[in-house]
Amino acid sequence: MPHPVPRPTAADFDQELLILFDAYVHGDIDRRGFLERARRFAVGGLTAAGLLAALSPDFARAQVAPDAPGLRIERITIDSPQGYGSLPGYLCRPAKASGPLPAVLVVHENRGLNPHIEDVTRRLALEGYLALAPDALGPLGGYPGDEDKARALFGQLDQNKTQQDMLAAAQALLRHPDSNGRLGVVGFCWGGGIAHTLATRLPELAAAVPFYGNHPPASEAIKVKAPLLIHFADQDERINAAWPAYEAALKAAGARFEAQRYPGTQHGFHNDTTPRYDAGAARLAWSRTLDFLARQLKS
């Protein structure tokens, strides 16, 4: 039986190409701009389009299958009168839970609720949480099944309304009849920024875990009441440059926070569907996340 071709890792790509891909992922350049600038990295029979394909997600790599035993999964609608009106959510819980559960909001990257974030939500449910992942793209038809289309749609959102949608999702989860009233949030990239924002806007929040997310203005740090566990990629200047000022503001405000930086990693290192995934760092960050959530939500 032939062995499968190993998935490339970040080490297989030039760092400048990875930075270029990060700019493309976050909308700083379009697909055409990426392909034009990536041509100089296309060697050994590769094309720029081939490089883009190699760097893009492979959603077949889910850790917890959608039909995994032991889970109860449903699609719900979340009311958001201050945002877009309503948005869809992916709600997971242990099938045999007895009594209310601690709750965790899971907030996606800037591509909407894709299969990877659904997988992360299922992982949390298996750990004993009532886990909800809202889809910010719901008002535009939801995640379209294509990362390029999702990224383009995301740029059309009114971010003020979308933040209200995420706040409404957190409040809906807090009030859910299966919630025990202890709420945490875990967010990735754009969702990491939302996790930071919710920590400044939701006094009931008991824990926030941003993965490589944008920080709020330093003036907002005084509003942070929830403990923070903040994960940083090492090679991620776009995010890391703003950290010293926000760190100083958190310290001045007396906020409880822990910051972890993972040597040699790229932005998105926890996402196991792309070559930027770093297995060792991802396992460590996830272990720290689970320990942190257990202390804050289950103790």
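Data table
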item	result
Test result for Arg7, surrounded by 12 or more Cβ atoms within 10 Å (Cβ to Cβ), touching a Cys at 6+ places or on another chain (Cβ under 9 Å) and either at pLDDT 85 or above or assigned to a loop (DSSP other than H, G, I, E, B) (or both)	no
Top-ranked residue in region 173-201 [being among the hydrophobic types (A, V, I, L, M, F, W, C) and more than 10 Å from Leu105 (Cα to Cα); ranked as surrounded by the fewest Cβ atoms within 10 Å (Cβ to Cβ)]	Trp190
Every residue from region 78-100 that is basic (Lys, Arg) and buried (at least 21 other Cβ atoms within 10 Å of the Cβ)	Arg93
Listing of strands (runs of 3 or more DSSP E) fully contained in region 25-138 that carry 1 or more residues being touching a Ser or Thr at 6+ places or on another chain (Cβ under 7 Å) and under 21 Å from Phe292 (Cα atoms)	85-94, 101-107, 130-134
Sole residue being under 19 Å from the mean Cα position of the chain (by Cα), among the polar types (S, T, N, Q) and over 25 Å from Val25 (Cα atoms), chosen from Ser287, Ser299	Ser287
Enumeration of residues in region 152-203 that are among the charged types (D, E, K, R) and under 14 Å from Leu91 (Cα atoms)	Arg175, Asp178
Qualifying residue in region 70-77 (condition: more than 23 Å from Thr265 (Cα to Cα), crowded, with 16+ Cβ neighbours inside 10 Å and either out of contact with any Pro (no Cβ under 8 Å at 6 or more places or on another chain) or β-branched (Val, Ile, Thr) (or both))	yes
Given (1) under 24 Å from Ser299 (Cα atoms); (2) without any contact (Cβ under 8 Å) to a residue 24 or more places away in the chain; (3) polar (S, T, N, Q), number of the condition Asn240 does not satisfy	(1)
Close pairs from region 191-210: first of a type in the set (S, T, N, Q), partner assigned to a helix (DSSP H, G or I), Cβ under 7 Å, at least 6 apart	Thr197/Gln163; Thr200/Glu220; Thr200/Lys223
Residue within region 204-212 that is on the phi < 0 side of the Ramachandran plot, of a type in the set (Asp, Glu) and surrounded by fewer than 22 Cβ atoms within 10 Å (Cβ to Cβ) present	yes
Ala152 being surrounded by fewer than 20 Cβ atoms within 10 Å (Cβ to Cβ) and free of Cβ contacts under 8 Å to residues at least 40 places away in the same chain	yes
Test: residue in region 151-162 that is among the basic types (Lys, Arg), at pLDDT 95 or above and assigned to a helix (DSSP H, G or I)	yes
Residue in region 13-26 that is of a type in the set (Val, Ile, Thr) and modelled with pLDDT of 80 or more present	yes
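The values are calculated or read from the model by the stated rules, or taken from the named source; none is laboratory data. Bear in mind the structure is a predicted one, so any value in this text is a computation, not a measurement. Using ideal geometry, Cβ is built from the backbone for each residue, glycine included, and neighbour counts are taken over all protein chains shown.
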